[in-house]
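Asks: Attaching a single structure in structure tokens format; questions to follow.
The values are calculated or read from the model by the stated rules, or taken from the named source; none is laboratory data. It should be emphasised that the depicted structure is a prediction, and the values quoted were computed from it without experimental measurement. Here the Cβ positions follow ideal geometry from the backbone for every residue, glycine too, while neighbour counts run over all protein chains shown. Accessible surface areas use protein heavy atoms only, side chains included; no ligands, DNA or RNA. Shrake-Rupley method; radii C 1.70, N 1.55, O 1.52, S 1.80 Å.
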Amino acid sequence: MTIRPFILPSNTSLTYCLTHAKALINKHTVTPNDNGCQYYLATYLQALGFTCEHVVIHGVSNLIARWGQGARHVAFCGHTDVVSPGPLSHWRYPPFEAHIENSQLYGRGAADMKTGLAAMLGACQRVLPGLNQDDFTFWWLITSDEEGDAQWGSKWIKQVLDERGVHLDMCLIGEPTASSATGDTIKIGRRGALSGTIDVAGKQGHVAYPHSCDNAIHRASRIVQGLLDLGWDGGDLDFPGTSLQITHIDSGTFTDNIAPGKCQIEFNVRFDATYTLTTLKAAVLERVLSADNDATIRWSRPCEAYQSHAREGDCLIAMAEAAIYRATGRYPLLSTSGGTSDGRFFATEETQVVELGVPNTTIHQINESIHLSDLLTLEDIYADMLVQLAR
Ligand SMILES: [Zn+2]
């Protein structure tokens, strides 16, 4: 491992965001436990003029905080929950006791994404007192259920905003998106995901009398071939494209003289923003039924795809690029790689979504960590973006 030396600057608020990062990491918050993180955030946000609402619903903690009353509505979204640390004995330092060694900050959530929260809190403390509350409305939308099934987290928050008639113009998500240093990569979309189980019915019988049975595996293989022959788009520069993978085939216990009477096919699709869940399901169903009209499909784990595009005028992508250039001297890669994210709940035709955070190389791993310079750079970028939003 190469160690980048890091000298603490004397005139920045590193101590702010570092203090916040440590305080948040020190709270044990495996999904959906918030353990006081949102109270911690709200205490500082209220001091900056935010109005904070804290709602616990189905065991999930959600924080909705609002600053200002400008026409443009911008949200910072994120989560206080973390994934399980796994075996504690494998950690170099206890996962819920933040520790710094060689300028590297260790702890569960050090990358995903307590440092994202800490950097934005530090940025708000730095610049919001100098900004005009009439220039834009700034929301913090924070949940404790991002890593879990996410039913009562960001999805619920979005419904609350919709019911109140709040339409977000922009949404910045503090998830870890960088590959080696903060600012090298931002996400402007994510592929969607959908799983399914196909139930295939045949007629069980003795293998020696094939005319009297209807082999369900033979039926299933025609369905599988039909799905593999589906002509997906090949992707483009922005999206890796759509693909379907068969993940399991099960005809139950077997003996070598019985043709099985039923078979299950499991599959998963990763799809780009040219599909919605509705159009994707229609395409798969059509293909399955054309191979076997008696087959049925049960869908599971649906996640919409999203993709934001650069636009004239107010453009969150352009603001992020400018802030990153000023902080790092380089422009970021615009990516849509990785799994699904809460961005899917906020992205619409009207709402631009950008995910921008620290490096994700150690997320969900033993000894999760980031370099302190990545935390400071993120606070600089966020502060720059807040100032741009006020122009
Ligand atoms: Zn995360």
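Asks: How much accessible area per residue does segment 23-158 have, in Å², with a 1.4 Å probe?
Replies: Value returned for segment 23-158: 36 Å² of accessible area per residue.
Asks: Still on this structure: Let me have the relative contact order for segment 241-353, percent, based on Cα pairs under 8 Å that are six or more residues apart.
Replies: 20
Asks: Still on this model: Could you sort 272-282, 223-233, 369-379 so that the peptide with the highest average Cβ count within 10 Å comes first and the rest follow in order?
Replies: 369-379, 272-282, 223-233
Asks: Kindly report, to the nearest 10 Å², the accessible surface of residue 186 as traced by a 1.4 Å probe over protein heavy atoms only.
Replies: Ignoring ligands and nucleic acids, residue 186 comes out at about 0 Å².
Asks: Kindly state, to the nearest 0.05, the FRET efficiency for residue 209 paired with residue 301, given R0 = 56 Å and r defined as their beta-carbon distance.
Replies: Computed FRET efficiency for residue 209 and residue 301 comes out at 0.85.
Asks: I'd like the antiparallel share, as a percent to the nearest 5, of DSSP beta bridges with both residues in the chain.
Replies: Percent antiparallel among DSSP bridges in the chain is about 70.
Asks: In deg cm²/dmol and to the nearest 500, what is the mean residue ellipticity at 222 nm of the chain if only DSSP H runs of at least 4 residues count, each as -39500 (n - 2.57), divided by the residue total?
Replies: Using -39500 (n - 2.57) per qualifying helix, the result is -9000 deg cm²/dmol.
Asks: Please report, as a whole percent, how much of the solvent-accessible surface of the chain comes from carbon and sulfur atoms (probe radius 1.4 Å).
Replies: Accessible surface attributable to carbon and sulfur in the chain totals 51 percent.
Asks: With a 1.4 Å probe and all protein chains left in place, how much accessible area per residue does segment 185-297 have, in Å²?
Replies: 52
Asks: Sticking with this structure for a sec: Using amide H atoms built 1.01 Å from N in the peptide plane, name the residues 5+ places from residue 184, or on other chains, whose amide H lies under 5 Å from its own.
Replies: Excluding prolines and chain starts, which carry no amide H, the hits are 179.
Asks: Hey, with R₀ at 51 Å, roughly what FRET efficiency would residue 257 and residue 97 work out to, going by the Cβ-Cβ distance, to 0.05?
Replies: E between residue 257 and residue 97, to the nearest 0.05, is 0.25.
Asks: For segment 270-284, just list the computed ³J(HN,Hα) in residue order, Karplus coefficients 6.51, -1.76 and 1.60, θ = phi - 60°, integers in Hz, with x standing in for Gly and Pro.
Replies: Using θ = phi - 60°, the values come out as 10, 9, 8, 6, 6, 10, 10, 4, 5, 6, 5, 4, 4, 5, 5 Hz.
Asks: Please list, in chain and number order, the residues 5+ apart from residue 308 or on another chain whose amide H is under 5 Å from its amide H, with Hs placed from the backbone.
Replies: Correct list: 189, 353.
Asks: Ok, one more. List the lysines whose Cα sits under 28 Å from the Cα of residue 203, skipping any in the same chain fewer than 8 residues away.
Replies: 262, 281
Asks: Same structure, new question: Springs between alpha-carbon atoms under 10 Å, Gaussian network over the chain: tell me which of 251, 195, 341 tops the mean-square fluctuations.
Replies: Checking each option, the largest mean-square fluctuation is seen for 251.
Asks: Here's something else I'd like to know. GNM, the chain, Cα, under 10 Å: largest mean-square fluctuation among 192, 329, 165?
Replies: So, out of 192, 329, 165, the one fluctuating most is 165.
Asks: Normalised by the number of residues in the chain, what is the relative contact order in percent for Cα pairs under 8 Å and 6+ residues apart?
Replies: This gives 24 percent for the chain.
Asks: Note down the magnitude of the dipole of the chain about its Cα centre, charges +1 on Lys and Arg C-beta and -1 on Asp and Glu C-beta and zero elsewhere, to the nearest 20 debye.
Replies: Using only the charged Cβ atoms, the result is roughly 420 debye.
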